[in-house]
1. Name the single residue, out of those in segment 329-340 being of a type in the set (A, V, I, L, M) and closer than 24 Å to MET368 by Cβ, that is surrounded by the fewest Cβ atoms within 10 Å (Cβ to Cβ).
2. Going through ILE482, ILE460 one at a time, which residue ends up being aliphatic (A, V, I, L, M) and either in a strand (DSSP E or B) or over 30 Å from ALA512 (Cβ atoms) (or both)?
3. So which residues in segment 273-289 are small (Gly, Ala, Ser) and either touching a residue at least 60 places away in the same chain (Cβ under 8 Å) or touching a helix residue (DSSP H, G or I) at 6+ places or on another chain (Cβ under 9 Å) (or both), if there are any at all?
4. Taking segment 249-285 on its own, how many of its residues are among the basic types (Lys, Arg) and touching a Gly at 6+ places or on another chain (Cβ under 7 Å)?
5. List, please: which pairs have Cβ atoms under 8 Å, are six or more places apart or on different chains, and start with a residue in segment 59-79 that is on the phi < 0 side of the Ramachandran plot and of a type in the set (Phe, Trp, Tyr) and end with one that is in a loop (DSSP other than H, G, I, E, B) and open to solvent by 30 Å² or more (accessible area, probe 1.4 Å)?
6. Which ones in segment 405-421 are among the small types (Gly, Ala, Ser) and over 13 Å from PHE384 (Cβ atoms)?
7. How many residues are hydrophobic (A, V, I, L, M, F, W, C) and in contact with a Lys or Arg (Cβ under 9 Å, 6 or more places away or on another chain) if we restrict to segment 187-203?
8. With the requirement that a residue be farther than 13 Å from SER580 by Cα and open to solvent by 80 Å² or more (accessible area, probe 1.4 Å), what does segment 512-548 give you?
Amino acid sequence: RTVYQEIHILTILLGIIWLCLSLSLDAMSLSRQKIKTAETVSRGEKMLKRVRRGWMWNQFFLQEEYTGTDYQYIGKLQSDQDHGNGLVKYVLSGEGAGTIFVIDENNGDLHATRRLDREEKPFYILRATVVNKRTGQKLEPETEFTIKLHDINDNEPQFIKEVYTGSVPERSDIGTSVIQVTATDADDSMYGNSAKLVYSISQGHPYFSVDPNTGVIRTALGPGDMDREQREHYQVVIEAKDMAGQRGGLTGTTVVNITLTDVNDNPPRFTQSIYQFRVSESSKSGTTVGRIQATDRDIGKNAEMYFTIVSGDGMDMFEISTDKDTQEGVITVSKPLDYEKKQSYTVEIQVQNNQVDPRFLSAGSKDMATVRIGVEDVDEPPLFDKASYLMEVKEDAMVGVTVGSVSAMDPDGARSMVKYSIDRRTDMDRLFNVHPGNGSVFLLKSLDREETAWHNISIIATEFNNPRQSSHVPVYIRLLDINDNAPTFATIYETFVCERTKAGQRIQTVSAVDADEPSMGHKFFFSLASEGMHRSNFTVRDNGDNTASILTRRATYSRLHQSIYLIPVVITDGDYPMQSSTGTLTVRVCTCDREGNMELCSAEALSSSPGLSTGALIAILLCAIILLMIVVLFTALKRQRKQEPLIISKEDVRDNVVSYNDEGGGEEDTQAFDIGALRHPDAAVALEETAKQRRDIIPTDTILASRDNGDVREFINQRVLENDCNPTAPPYDSLATYAYEGAGSVAESLSSLGSTSSEAEQDYHYLSDWGPRFRKLADMYGAEDSDFS
C-alpha cells in the first residue's frame with residue numbers, strides 16, 4: 001500500500017471512534033427523567049406534576065470530507081412521545097436544514113446529504129421538534145443542537161509568499177540572521193498534529209540553515225566562505241511539513257533568494273605600475289594631461305576612490321582629481337610649462353578608498369603607481385617681461401618725448417627677433433606710438449590731464465619669422481599734473497547790499513575752484529584788484545581757508561544814485577608756476593527791512609541780473625498754457641451749449657388749436673398733417689372740387705396764417721376744406737404743430753431749426769414790443785440774458 005492509503009485508513013478509523021463516543025453521549029443525554037413533586041396548600045391539597053422534555057442533547061460530530069456514495073449518517077433523534085405508532089413527526093430547522101442535513105420524519109434519523117469541509121465551516125446550529133401528524137401540535141418544545149465537523153489532515157502548509165528575497169552582508173559570522181519565512185495550515189490546530197508545522201531546508205546547504213520551529217534562516221558558514229566577490233546570489237528552498245514533521249504529513253515549499261551585500265574588504269589596485277604621458281608646453285592651466293585607472297572588486301560606495309600625488313619633481317606643476325563617473329584619476333596642468341627649462345617630470349601617485357572598513361584595514365589598503373610626463377616643444381609667441389606696464393608723463397610734455405618702454409622676447413630656442421606695435425583700437429586718437437625695434441613708447445600729440453588723466457593702450461609683440469605668433473600687454477599711462485589752470489569763482493554769486501547798513505558788514509562769502517590737482521592740495525588767495533582800490537565802496541578780506549569775505553566800507557548806499565557796483569577780485573593759487581585770475585562780483589543796492597531781508601531793488605538792477613531761473617520760466621510757461629486752455633474750453637462750450645427750451649412747464653403749452661365743436665378721437669386719431677407738404681406747398685395735391693360737403697359741422701372761423709403768406713394760407717384752407725367735406729372722417733380734433741412759418745415775417749422765425757447763430761449772439765429785448773402774447777417769452781429770455789451777462 002502507498003503512504004496515502006495508510007493515512008486515509010487511519011483517518012477513517014479515528015472518525016469511527018469519535019462517532020461511537022458521540023452516540024454514547026447522545027444516548028445518555030436522551031434518557032428520560034421524571035420528577036414528581038407534592039405540596040400541600042391552605043385551600044386544599046393539590047398534586048403538581050412537572051415533566052421535563054423527553055430528549056436532551058448538545059451536539060453531534062461528523063467527519064469532514066466524506067467520500068461515500070450514500071448519505072452520511074450523523075445520529076438519531078428520539079422522543080418519549082414517540083410510542084412507535086406512527087403518530088409522531090420529527091421536524092428539523094436551522095443552518096442547512098433540508099439541503100445539507102435531512103431527518104427522517106418517522107424515526108428521527110439524521111443524515112448529511114453532501115461532502116462537507118471543516119475549513120469552510122467548522123460547525124452548524126440546528127433546531128429539532130416533534131409534532132403530532134394529525135393535529136400538527138408540538139409534542140416537545142423546540143431544542144437547539146450543534147453538528148461539529150471532525151478535522152482530518154487534508155490541507156498542506158501554505159507559505160505567505162511564494163518567493164522571498166533576503167540579503168546579508170558578506171563575511172558575516174556563523175548564525176547571522178538573514179530572513180524569516182512563515183507558513184500556515186488550514187487544518188484544526190486543536191485537533192492532533194494536523195496543523196503543527198516543522199521547517200526544514202531542502203536546497204541551500206551548506207551555506208544556510210533554518211530554525212525548524214520559527215522559520216528563521218541563518219548563515220551556516222564563516223566569514224571566509226561567504227565572499228560576495230566569489231558568489232553573490234544564492235537560492236534556498238524551505239519546506240514546511242505538518243503532523244510535526246512525522247511520516248505521512250503534508251508538505252509545502254517556498255523559494256528564498258538571498259544576496260550577499262558588499263562590504264569594503266578589497267582595496268583599489270592600479271591596472272599598471274607605470275604610466276607615460278606627453279603634454280604641450282603651451283597647455284593652459286587645467287589642461288588634461290592623461291587619465292590613470294584603478295580597479296576595485298567592491299561595488300557602490302565601497303569602490304569609490306581618490307588619487308593623490310605623494311612625491312616627484314612635478315608635484316607643483318601638475319594636479320590629480322577623481323572623475324566621479326568613471327572613478328579614474330585625471331592629471332591636469334597646474335602651472336605654465338616651459339620646454340626650454342624642463343623637458344620631463346616624474347610623479348608618484350597613490351590611490352585608496354574614500355571609506356575604509358576598519359575590520360579589513362591592512363597595510364595593503366593603498367596602491368602606488370609611477371607617472372612620467374614629457375613636455376613637447378611648440379612655437380610660442382613672444383613673452384613680455386611684465387604682465388602689465390605703468391608709465392607716467394607730465395601733461396605739458398612735448399611731442400616725441402619718450403614715455404617708457406616695453407620688452408618681449410621669443411621663449412623658443414630659436415630666439416626670433418621681435419617687433420612692437422600699438423593696437424590702434426586702444427588708441428583711436430593716435431596719441432602714442434612705439435618704436436618697432438626697442439619698444440620705446442613716445443608721444444605723437446600734446447596731452448591735457450584736465451581732459452583725460454589716464455590713457456590705457458595695448459602693445460603687440462610679433463615674431464619676425466612667424467607673424468602669426470604675437471602677444472599683447474596692457475600699458476597704463478598716467479598724466480602728471482602741472483599748474484596750468486588759473487583758479488576761478490566756484491559759482492555765479494548774486495550779491496546785494498542794503499541801502500542802510502553799517503561799515504564792515506559782510507555781504508558775501510566767495511570761494512574758488514581750480515582744474516589742477518596739486519599734490520599738497522589747493523591753496524587760494526583773494527584780494528581786491530588794483531583798479532578797484534581807488535575810492536572803493538567795498539573791500540575783500542581773505543579768510544585763510546580758501547574763502548574770502550566781501551565787506552562794506554560805508555554805512556549807507558543810495559539805490560537812486562547807483563544801483564549796481566562791480567567788484568574786481570583777484571584769485572591766486574599757491575602752486576608753481578603761480579596762476580591767477582580776476583573775477584567780477586556784481587552787487588545790487590536794494591531796499592531792505594529791519595532784519596536785513598531784501599524787499600525791492602531798482603529796475604536797472606533787476607535788468608542787469610543774469611535773468612530768471614529755469615524754475616521761474618517753467619512756472620510762467622505753465623500758467624500761460626493753462627490760461628490758454630481755459631479760454632479755448634470756454635469758447636467751445638459756449639458754441640456747443642444747447643438752447644434752453646422755450647416752454648418751461650406743462651402749463652405754458654400754447655399752440656394753434658383747430659376746434660370743430662365735435663368730440664375728438666383721442667389716441668385713436670392717427671391722421672395728421674403731412675409736414676412735408678408744409679415744407680413744399682407746390683407739391684400738394686389739389687382737392688377734388690366735387691367732394692361732398694360735411695353736414696355734421698359748419699366751420700365757425702377761417703384759419704389764417706400769422707403772417708401774410710399766400711401759399712401757406714391757401715394750403716391750410718384747402719386742408720380744412722378737405723376735412724370738412726370728407727363724409728367718412730369722424731369728428732376728430734386735430735392738434736397740428738408747424739415748423740415752417742413761411743418767409744418775409746417781420747418778427748423772423750422763432751424756431752432754432754434754421755438758426756446758425758449762437759445763443760449769445762441774439763437779443764430778445766424786442767419781444768417786449770410784440771404785445772401781451774409774447775410777454776412770457778420776453779420775461780424768460782430777457783431774464784436769462786441778464787442773468788448770463
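The values are calculated or read from the model by the stated rules, or taken from the named source; none is laboratory data. Fair warning: this is a prediction, and the values are worked out from it, not measured in the lab. Cβ atoms come from the backbone with ideal geometry, glycine included; neighbour counts cover every protein chain shown. Each accessible area value is taken on the protein alone, full model and side chains, heavy atoms only, with ligands, DNA and RNA left out. Shrake-Rupley method; radii C 1.70, N 1.55, O 1.52, S 1.80 Å.
1. Of all residues in segment 329-340, those of a type in the set (A, V, I, L, M) come to 330-331, 333, 337.
With closer than 24 Å to MET368 by Cβ added as a condition, the list becomes 330-331, 333.
Working: VAL330: 16, ILE331: 26, VAL333: 21.
Taking the candidates together, the pick is VAL330.
2. Numbers: ILE482 fails: either in a strand (DSSP E or B) or over 30 Å from ALA512 (Cβ atoms) (or both).
The match here is ILE460.
3. If the condition is that a residue be small (Gly, Ala, Ser) and either touching a residue at least 60 places away in the same chain (Cβ under 8 Å) or touching a helix residue (DSSP H, G or I) at 6+ places or on another chain (Cβ under 9 Å) (or both), then SER273, SER280, SER282 are the ones that fit.
4. Pass one, segment 249-285, residues among the basic types (Lys, Arg): 269, 278, 284.
In the following step, the residues that additionally are touching a Gly at 6+ places or on another chain (Cβ under 7 Å) were identified as 278.
Number of matching residues: 1.
5. Going by the 8 Å Cβ cut-off, the qualifying pairs are TYR66/ARG115; TYR71/THR113.
6. The first filter runs over segment 405-421 and keeps only residues among the small types (Gly, Ala, Ser), leaving 405, 407-408, 413-414, 416, 421.
Hits for segment 405-421 are GLY413, ALA414, SER416, SER421.
7. Filtering segment 187-203 for residues hydrophobic (A, V, I, L, M, F, W, C) gives 190, 195, 197-198, 201.
Those left that are additionally in contact with a Lys or Arg (Cβ under 9 Å, 6 or more places away or on another chain): 197-198.
Of the residues in that region, 2 qualify.
8. GLU517, SER519, MET520, SER530, GLU531, MET533, HIS534, ARG535, ARG541, ASP545
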